[in-house]
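Remarks on the structure that follows.
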Amino acid sequence: MSAILPLYARIIFCFSSGDAACHNAAMTQTKTLPRPADFSDIRDWVFDLDNTLYPHHVDLFAQIDKNMTAYVSTLLQMERDEARKLQKQYYLEHGTTLQGLMIHHRIDPNDFLEKAHAIDYSALMPQPELAAAIKALPGRKFIFTNGSVGHARATAAALGILDHFDDIFDIVAADYVPKPAGSTYDKFMSLNRVDTKNAVMFEDLPRNLTVPKALGMKTVLLVPQNLEGTVVEWWEKTTGEDEHIDYVTDDLTAFLKALI
Ligand SMILES: [Mg+2]
């Protein structure tokens, strides 16, 4: 296995290679904890919300996804399958389904956000260890999400971590322009006076780490805990380019605890 391949591509390659040594190396890579010294200059800790602050397997997003399909179906009087196709097309073309619906159908974004996020949060359990780790991080902590503040607050409250964040920057604050648009990161950084040289971003979508890395931030990619089983579906969502990913982990709590 070539060492030339970047970290993230190497992990993906090894998980799907069938080569035992390579596979084990990939397993080790996702379990490797950072050295506190590497993060000693970090003063601002920026977290994506969905599939980052709670693990991928909780699959809260599946409920939101279903609600969005229902919204498109009702709005455009489409069958579910047709609505879903359009929903995904807008997601791919515009970064979020919402952005596509606003551009092509001039919908009320607040109505959409309310309906999309009308979900059951009972799958989320309080995470005292994660809460203690976030609390102990030196500096400010932010949630930076393409969802709504209401959804972020409900999610963080269910996890028992809400009180440890200084602010939540959501899709409304971003004027409905989602990550990975550069202008949205600029807005977030300037609003909160974040010095990117002393900041880190945690994300589950590789493409959302490209701009942070270019701005000088450290970047951490969260991957599913059972990466092996989900690797194909997950790989399909990615760009295959990963020079912008500094760390890969499948356990946010363990990663943060290693830093304090
Ligand atoms: Mg996410």
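For segment 16-28, the condition of being within 16 Å of the ligand (Cβ to nearest atom), surrounded by 15 or more Cβ atoms within 10 Å (Cβ to Cβ) and in a loop (DSSP other than H, G, I, E, B) holds for none of the residues.
The residue that is farthest from the ligand (Cβ to nearest atom), among those in segment 193-226 that are free of Cβ contacts under 8 Å to residues at least 40 places away in the same chain and out of contact with any strand residue (DSSP E or B) (no Cβ under 7 Å at 6 or more places or on another chain), is Arg193. Considering (1) surrounded by 15 or more Cβ atoms within 10 Å (Cβ to Cβ); (2) within 16 Å of the ligand (Cβ to nearest atom), the lone condition that His57 does not fulfil carries the number (1). Scanning segment 200-213 for residues that are touching a helix residue (DSSP H, G or I) at 6+ places or on another chain (Cβ under 8 Å) and among the aliphatic types (A, V, I, L, M), we see that the one that is surrounded by the most Cβ atoms within 10 Å (Cβ to Cβ) is Met201. All conditions in (1) closer than 19 Å to Asp204 by Cα; (2) β-branched (Val, Ile, Thr); (3) more than 16 Å from the ligand (Cβ to nearest atom) hold for Val72, with the sole exception of (1). The criterion of being within 16 Å of the ligand (Cβ to nearest atom) and surrounded by 13 or more Cβ atoms within 10 Å (Cβ to Cβ) does not hold for Leu101.
Check Asp170, Asp166 and return the single one that is charged (D, E, K, R), surrounded by fewer than 16 Cβ atoms within 10 Å (Cβ to Cβ) and modelled with pLDDT of 95 or more. So the residue among Asp170, Asp166 that is charged (D, E, K, R), surrounded by fewer than 16 Cβ atoms within 10 Å (Cβ to Cβ) and modelled with pLDDT of 95 or more is Asp166. When Thr196, Thr184, Thr155, Thr145 are checked against the criterion of being of a type in the set (Ser, Thr, Tyr), farther than 22 Å from Leu92 by Cβ and buried (at least 22 other Cβ atoms within 10 Å of the Cβ), a single residue qualifies: Thr155. Here Val172 meets each of (1) outside any helix (DSSP H, G or I); (2) within 16 Å of the ligand (Cβ to nearest atom); (3) closer than 25 Å to Ala62 by Cβ with one exception, condition (2).
The values are calculated or read from the model by the stated rules, or taken from the named source; none is laboratory data. As the structure is a computational prediction, the values presented were derived from the model and not from experiment. Quick reminder, even Gly has a Cβ in these numbers, built from the backbone with ideal geometry, and neighbours come from all protein chains shown.
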